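The values are calculated or read from the model by the stated rules, or taken from the named source; none is laboratory data. All figures in this text were calculated on a predicted structure; none of them were measured in a lab. Cβ atoms come from the backbone with ideal geometry, glycine included; neighbour counts cover every protein chain shown. For accessibility, only protein heavy atoms count, side chains too; no ligands or nucleic acids. Shrake-Rupley method; radii C 1.70, N 1.55, O 1.52, S 1.80 Å.
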Amino acid sequence: MILINEIIVDAGISGTRVALLEDKELVEVYIERPFNERMVGNIYRGKVSSVLPGMQAAFIDIGCERNAFLYVGDVVSQKEYAEEDDDIYQDVKCCNIDEILRPGQEITVQVIKEPVGSKGPRVTTHITLPGRHLVLLPNAEYTGVSRRIENENERNKLKKIAGKLKPKGMGLIVRTASEGKDEDDFTHDLSFLLKLWESIKQKEHNGAIPRCMHKDINLVYRAARDFFTWDIDKFVINDRVQYAKVLELVEMLSPALKYRVEYFGMDYDLFEYYQIESKIKKALARKIWLKCGGYLVIDRTEALTVIDVNTGKYVGGSNLEDTVLKTNMEAAGEIAKQLRLRDIGGIIIIDFIDMNEHSHQQMVLDNLRHLLKRDRTKTTVVGMTGLGLIEMTRKKVRQELSTVLMTDCSHCDGTGKVLSPEAIARNAEKEISRYFGQTAADAIQVEVHPSVAAVLCGERDGFTKMGDACGKKISIKPSVDVRYDEIKIREIDINSLVC
């Protein structure tokens, strides 16, 4: 079966959205807005704000709202690196951050993780400059090949080419898009990256501190540079100006692919036309139904993401183990898809339905690992705990889709729960009692949400006794104009009392 892969680019006034479709299914979505531009890849000349030996880290002022975080492992020399690696393997035990950096010191750093929540961006001194086929490492001296290229002969061929082309004192990484390429395909890329680095170096010691010395290209061009390979059948964009620029870029990078670039000129919303809007909405849901009738529940916490698998409506045949296995196998495929689509990063715990047979557990684990290979972001399946939970990690580089498109509820502070009408009614009683001690009025009106008013009016006798004890009268007024948890109390004429 041949999959049809498409890149759909919606370039609008309020921002740019890029969707990657595999056989009409949405598998990745990227969003970039003018007021919240991506920082990953940007290079800054900053100043060390503080050094924390106890954390083996420093905070760097790069001119952003929050200082950037620099770990000691991102300062000392690198040992090994591959394009999809989450961390660089190196020996940092003998290094102390306060022996390397001091407050007030100027330093050139590159952002490797976006700021998330109350955390500032994470930075490194190990600069990487990505091109179409190569990644230039100006401060390292070794070569590597993307781990996504699995053919050993191809890897050896590409590593020899990289070793031959590697500039003195620098390193090169061969990117996934280079599979099947020859030495001539890399020369233009390398020349461009060397000129770019020279331009950045010239800016290093001239100008105010802190400042941004280099910004990575915008989302549209990154999609053309990083995603638009021979595996993609169509690159569709709805902006005429951007369409022309993409053609120019593709002409320079991979001329044979420019005939796959299409301009969408219809008087119709591009994402609606490809039914992407509805798919994005589903990607924000907490519960995801499986085709077999089971379902997943995805809950995100500050520390990790938890995914629960349930049989739901699926009852299977006569064998319970087969029912559980089928549900878990399908769930593994959906989990791999959802992690990629939602861009969930960090620690992930998966609670599959309990399996008694070890062979079934291994089948589900192997299936999950196999399906995760399609993810361009590095994932590591650690294994199964004694409680039968799957532990895994996924590289966290940018904000998750839910964080970009959603905000915490002002009523529940993001918990998904609010006080019950009965609990708000109890709070109203306390407010009434407190108000009675501050007013000389003979009557008050309590304005609350209708669901709370129903509870209060149902307890009318209690309010009558409360008022009689203070020599005052109480009127309960239901109102849809007040917030669910809001309580408004005011003085009124005793002759206007109602409930």
Selection from segment 293-335 of residues part of a helix (DSSP H, G or I), within 22 Å of Lys378 (Cα to Cα), aliphatic (A, V, I, L, M) and open to solvent by 20 Å² or more (accessible area, probe 1.4 Å) yields Met329
Taking Ile232, is it free of Cβ contacts under 8 Å to residues at least 24 places away in the same chain and within 28 Å of the chain's Cα centre (by Cα)? no
Which one of these does Trp230 not meet: (1) open to solvent by 60 Å² or more (accessible area, probe 1.4 Å); (2) in a helix (DSSP H, G or I); (3) modelled with pLDDT under 90? (2)
Output the residues belonging to segment 106-120 that are open to solvent by 40 Å² or more (accessible area, probe 1.4 Å) and not hydrophobic (A, V, I, L, M, F, W, C). Glu106, Lys113, Gly117, Ser118, Lys119
Looking at Glu422, Glu447 in this structure, which one is open to solvent by less than 50 Å² (accessible area, probe 1.4 Å) and either assigned to a loop (DSSP other than H, G, I, E, B) or charged (D, E, K, R) (or both)? Glu447
Are there any strands (runs of 3 or more DSSP E) wholly within segment 336-394 with 1 or more residues that are on the phi > 0 side of the Ramachandran plot, in contact with a Ser or Thr (Cβ under 8 Å, 6 or more places away or on another chain) and surrounded by 16 or more Cβ atoms within 10 Å (Cβ to Cβ), and if so which? 346-351
Condition first: open to solvent by less than 60 Å² (accessible area, probe 1.4 Å), out of contact with any His (no Cβ under 6 Å at 6 or more places or on another chain), of a type outside the set (Phe, Trp, Tyr) and modelled with pLDDT of 90 or more. Now tell me which residues in segment 192-208 satisfy that. Leu193, Leu196, Ser199
Looking only at segment 253-292, count every residue that is more than 28 Å from the chain's Cα centre (by Cα), surrounded by fewer than 16 Cβ atoms within 10 Å (Cβ to Cβ) and assigned to a loop (DSSP other than H, G, I, E, B) and tell me the total. 4
Qualifying residues in segment 118-148 (those that are within 18 Å of Leu158 (Cβ to Cβ) and assigned to a strand (DSSP E or B)) - the one nearest to the chain's Cα centre (by Cα): Pro130
Evaluation of Lys181 against (1) over 31 Å from the mean Cα position of the chain (by Cα); (2) in a helix (DSSP H, G or I) (one fails), failing number: (2)
Of the residues Asp182, Asp189, which is farther than 14 Å from Arg45 by Cβ and either in contact with an Asp or Glu (Cβ under 7 Å, 6 or more places away or on another chain) or loosely packed, with under 13 Cβ neighbours inside 10 Å (or both)? Asp182
Would you mind listing the strands (runs of 3 or more DSSP E) fully within segment 1-98 where at least 3 residues are at pLDDT 85 or above and open to solvent by less than 40 Å² (accessible area, probe 1.4 Å)? 5-12, 15-22, 25-32, 43-52, 57-61
Return the total of residues in segment 379-415 being under 17 Å from Val27 (Cα atoms) and β-branched (Val, Ile, Thr). 2
Of the conditions (1) among the aliphatic types (A, V, I, L, M); (2) within 20 Å of Val123 (Cα to Cα); (3) touching a strand residue (DSSP E or B) at 6+ places or on another chain (Cβ under 6 Å), the single one that Ile232 does not satisfy is (2)
Can you tell me which condition Arg398 does not meet? The list is (1) in contact (Cβ under 8 Å) with a residue 40 or more places away in the chain; (2) out of contact with any Asp or Glu (no Cβ under 6 Å at 6 or more places or on another chain); (3) in a loop (DSSP other than H, G, I, E, B), and all the others hold. (2)
